[in-house]
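Contents: one structure, followed by commentary.
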Amino acid sequence: MSNWYVITGGPSSGKTTMVDLLRQRGYHTTIEHARHYIDLQRLGGRTVADVRSRQLEFQRNVLAMQLEQEAALDPDEIVFLDRGLPDSLAYYRFLDLPPDPSLLDALTRVEYRKVFLLDLLPLAEDYARTEDAEAQHRIQELLLDVYEGLQVPLARVPVLPPDERVEFVLARL
C-alpha cells in the first residue's frame with residue numbers, strides 16, 4: 001500500500017485549487033497531466049481543438065505521462081495526486097474508447113491509500129476544458145463507478161470554501 005492520496009472529480013470540481021493549496025502547505029503533489037499535455041502541444045503550435053480531435057492519441061499520451069510519474073514516486077512518501085490512473089479508465093469509458101492494455105494492467109496494481117472525490121462546482125469554462133454540464137456530471141458518475149469498482153477507500157468531499165475543503169481532506173487521511 002502506498003501513501004498516495006488521489007484528489008479527483010469531474011471537470012470544475014476544484015481539483016487544481018485543492019492540490020495547489022496542499023502544495024502551499026508543504027505537501028508533495030503532482031500535476032494534472034491532461035492539462036499539461038495540452039499546454040505542451042500548444043507550445044508546439046497545435047490548437048486545443050486539434051489536440052482534442054484526436055482523443056485516442058490524447059488519452060494514450062496522458063496515460064503514458066501518468067504511468068511514468070507514478071513509477072517515479074516513492075510509495076512511502078505522502079503524495080497528493082491530481083487525478084489517479086483510474087481516472088483514465090473513466091475518460092476512456094466516457095469517450096467510448098477501448099481501454100489501453102497498459103492501463104488495464106496498471107489498474108491491477110493500484111494501491112492508493114485513499115481517494116477523495118470532490119463534489120462538483122458550477123462548470124467554469126477555460127481554454128482546455130471542452131465538457132458541458134451534462135458531460136461534467138457523466139464524468140463524475142464514471143469516476144465514482146471506476147473507483148468503487150477497484151475497491152479503493154473513497155471519501156466524498158462536499159462543496160466548501162477551498163481552505164475548509166483542504167481541512168476536510170486532511171482530517172480524513
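Numbers for the structure displayed
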quantity	calculated
Failed criterion for residue 96 (all others in (1) out of contact with any His (no Cβ under 8 Å at 6 or more places or on another chain); (2) within 25 Å of residue 166 (Cβ to Cβ) hold)	(2)
Filter result (open to solvent by less than 60 Å² (accessible area, probe 1.4 Å) and in contact with a helix residue (DSSP H, G or I) (Cβ under 6 Å, 6 or more places away or on another chain)) within the stretch 124-149	128, 139, 142, 143, 146, 147
Filter result for the condition that a residue is touching a helix residue (DSSP H, G or I) at 6+ places or on another chain (Cβ under 8 Å) and touching a residue at least 60 places away in the same chain (Cβ under 8 Å), over 30, 8	8
Within the stretch 1-59, considering residues that are touching a Leu at 6+ places or on another chain (Cβ under 7 Å) and among the small types (Gly, Ala, Ser), the one surrounded by the fewest Cβ atoms within 10 Å (Cβ to Cβ)	12
Of all residues in the stretch 95-123 being assigned to a loop (DSSP other than H, G, I, E, B) and among the β-branched types (Val, Ile, Thr), the one that is least open to solvent (accessible area, probe 1.4 Å)	110
Enumeration of residues in the stretch 151-165 that are open to solvent by 60 Å² or more (accessible area, probe 1.4 Å), out of contact with any Ser or Thr (no Cβ under 8 Å at 6 or more places or on another chain) and either in a helix (DSSP H, G or I) or of a type in the set (A, V, I, L, M) (or both)	159, 163, 164
Long-range neighbours under 7 Å by Cβ, at least six apart or interchain, first residue part of a helix (DSSP H, G or I) within the stretch 37-62, second of a type in the set (D, E, K, R) and surrounded by 12 or more Cβ atoms within 10 Å (Cβ to Cβ)	48/42; 58/52; 60/100
Subset of the stretch 1-29 [hydroxyl-bearing (Ser, Thr, Tyr) and farther than 20 Å from residue 153 by Cα]	12, 16, 17, 27
Any hit, the stretch 72-82, residues being within 26 Å of residue 56 (Cβ to Cβ), open to solvent by 50 Å² or more (accessible area, probe 1.4 Å) and either in a helix (DSSP H, G or I) or of a type in the set (A, V, I, L, M, F, W, C) (or both)	yes
Residue in the stretch 124-150 that is farthest from residue 99 (Cα to Cα), counting only those that are assigned to a helix (DSSP H, G or I) and among the aliphatic types (A, V, I, L, M)	133
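The values are calculated or read from the model by the stated rules, or taken from the named source; none is laboratory data. Just so we're clear, the structure is a prediction, and the values are computed from it rather than from any experiment. No Cβ is skipped: glycine too gets one built from the backbone with ideal geometry, and neighbour counts run over all protein chains shown. Areas reflect the complete protein model, heavy atoms only, side chains present, ligands, DNA and RNA absent. Shrake-Rupley method; radii C 1.70, N 1.55, O 1.52, S 1.80 Å.
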